[in-house]
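Read-outs: derived from the displayed coordinates by stated rules, not from any lab. Treat the numbers as computed from the prediction; the structure is a model and nothing was measured. All Cβ positions, glycine included, derive from the backbone under ideal geometry; neighbour counts span all protein chains shown.
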Ligand code: 13P
Ligand code: SF4
C-alpha cells in the first residue's frame, strides 16, 4: 500500500494515535513530503523541532537532522524511519580531527555546519545552516580567527560574502552537490539564457555560477546562491518562466508546488542523495508501527552540543 491513499490514512492515524509530528526535509521523496506536517530546510526544521508540542518527532531526513532535533528537544522521543540514512558531508570530519585542528589554533571560534555529528557539535562554538552561515560568521568578533567546517564550498561562499581573511576552511564536501559541476552548469546556462539559476552553496559549481555572472555571460541578478528554504521563497518571487536548479533533485517537488507556472529544471538530474531516499513510504509506516529507529544522543554530548545548536537557531531569519 506504499504511497497510496490507504497508506497515507494509516500513517496519519498512527501519528495521531502516538502524539507524533512528522517533519520532512525538502530532499525527501514526494510522497513523504506530502504526508508530513512540516516540510522545510535544516534551519526551519530545527526550529520546529525545538518548539514541537507533541511527545514524538518523526524525522524524515538524514541522521544528523534527527540528532539535532533530539539535542534541541531532549525530553521528546525522536524517531527516524531508517537510522542508516547518513550523510557524506557529516562523515568528512571526525571529533578527533576537530580536536587536533582546534589544538593547532588556540583561541579560534569553531563554526560547524549543521551537517555534522553530535560529537563534532559538542566541540563547536556556533553551528550554522546554509540559511544563516553568513550571518553566523558575521556575528563573530572580526579579530577572532574562525575555523569553518566541514563544507569547503559553503565555506568559500561565506568567506566571499563576509570578506573575512582570518577564516580557515575544512576541505570536506557532499558527494551529491560536489558532483554538480561547473561544466554542466555552464552548458545549461548557455542553452537557457533567460532562466534564473538557483544554486545551493554546497555545490562545486557555485563559483562557476558567480564567474559566469561576473564575466557578463549571465545577468548577475539571475544567479542566486540559496539554501533549500531560500529557493522556495525565491520561486514565489521570480519573474522568470524557467529556473535551473543546482541542488539535490528532491527539491523540485516543493519548488513546483510553490510556483506551478514556472518550469523548474535540474542542472544535473542524477543529483540524488541515496541517504535521503532511504526514507521510503514503507520505512515510515514501519517506524510508526514499531517505534523504530529511535535516536539517542549521549546526555553529556547533547548538553555541550545544545549550546552551539541553540546559538544557531537564534541567528538569522
Ligand atoms: P538546507 O539547509 O539548505 O536544507 O541544506 C541541506 C542539505 O544539504 C542537507 O543535506
Ligand atoms: Fe548529506 Fe549531501 Fe545527502 Fe545533504 S545531499 S544529506 S549534504 S550527502
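Could you work out the mean projected area of the convex hull around the alpha carbons of the chain, in square nanometres to one decimal?
Taking the Cα atoms of the chain, their convex hull projects to 15.8 nm² on average.
For the chain, with a Gaussian network of springs between Cα atoms less than 10 Å apart, report the residue from 282, 24, 85 with the top mean-square fluctuation.
Top of the fluctuation ranking is 282.
With no solvent and one point on each alpha carbon, what is the Debye value of log10 I(q)/I(0) for the stretch 180-266 at q = 0.14, 0.16, 0.18, 0.24 Å⁻¹?
-0.39, -0.52, -0.67, -1.23
Given the DSSP H assignment, sum -39500 (n - 2.57) over each helix run of at least 4 residues in the chain and divide by its residue total; what's the result at 222 nm in deg cm²/dmol, nearest 500?
Computed ellipticity for the chain at 222 nm equals -12500 deg cm²/dmol.
Where a ≥ b ≥ c are the square roots of the eigenvalues of the C-alpha gyration tensor, would you call the stretch 90-173 rounded, which needs a/c under 1.5, or, failing that, prolate if a/b is larger than b/c, or oblate?
Oblate, because a/c is 1.5 or more while a/b does not exceed b/c.
Give, in nm to one decimal, the length gained when the segment between residue 4 and residue 143 is fully stretched (0.36 nm per residue of separation minus the Cα-Cα distance).
44.4 nm
Among 287, 273, 128, which one shows the highest mean-square fluctuation when the chain is modelled as a Gaussian network with alpha-carbon springs under 10 Å?
287
Restricting to Cα pairs below 8 Å that are 6+ residues apart, what does the relative contact order work out to for the chain? Please round to a whole percent.
Once divided by the residue count of the chain, the mean separation gives 23 percent.
In 5 Å bins starting at zero, report the fraction of Cα pairs in the stretch 25-147 per bin as a rounded %.
2, 10, 19, 22, 19, 13, 8, 5, 2, 0
Enumerate the residues in the stretch 83-109 having an amide nitrogen under 15 Å from the point lying 7 Å beyond the Cα of residue 166 toward its Cβ.
It comes to 105-109, nothing else.
Taking the alpha-carbon centroid of each part, what is the distance from the stretch 297-316 to the stretch 48-115 in angstrom?
Using only Cα atoms to place each centre, the spacing works out to 9 Å.
Just for the chain, what percent of DSSP beta bridges are antiparallel, to the closest 5?
In the chain, DSSP labels about 5 percent of beta bridges as antiparallel.
Could you tell me which of rounded, prolate or oblate describes the stretch 1-80, using a ≥ b ≥ c as the square roots of the eigenvalues of the alpha-carbon gyration tensor, with rounded for a/c under 1.5 and, failing that, prolate when a/b is larger than b/c and oblate otherwise?
Judged from the Cα gyration tensor, the stretch 1-80 comes out oblate (a/c at least 1.5, b/c at or above a/b).
Relative contact order, percent, of the stretch 180-266 when contacts are C-alpha pairs under 8 Å separated by at least 6 residues?
This gives 31 percent for the stretch 180-266.
So how far apart, in nm, are the two label points at residue 83 and residue 272 if each is 7 Å from Cα heading toward Cβ?
Taking the simple label geometry, residue 83 and residue 272 are separated by 2.7 nm.
Considering the chain as a Gaussian network with a 10 Å cut-off on Cα pairs, which listed residue, 280, 238, 68, attains the greatest mean-square fluctuation?
238
Given 0.36 nm per residue, what is the gain on full extension from residue 257 to residue 307 after removing their alpha carbon distance, in nm?
Using 0.36 nm per residue and subtracting the Cα-Cα distance, I get 14.4 nm.
Order the peptides 300-306, 12-18 from the highest to the lowest mean number of other Cβ atoms within 10 Å of their residues.
In descending order of packing, they fall as 300-306, 12-18.
Could you line up 124, 94 from fewest to most neighbouring Cβ atoms inside 10 Å?
Least crowded to most crowded, the residues run 94, 124.
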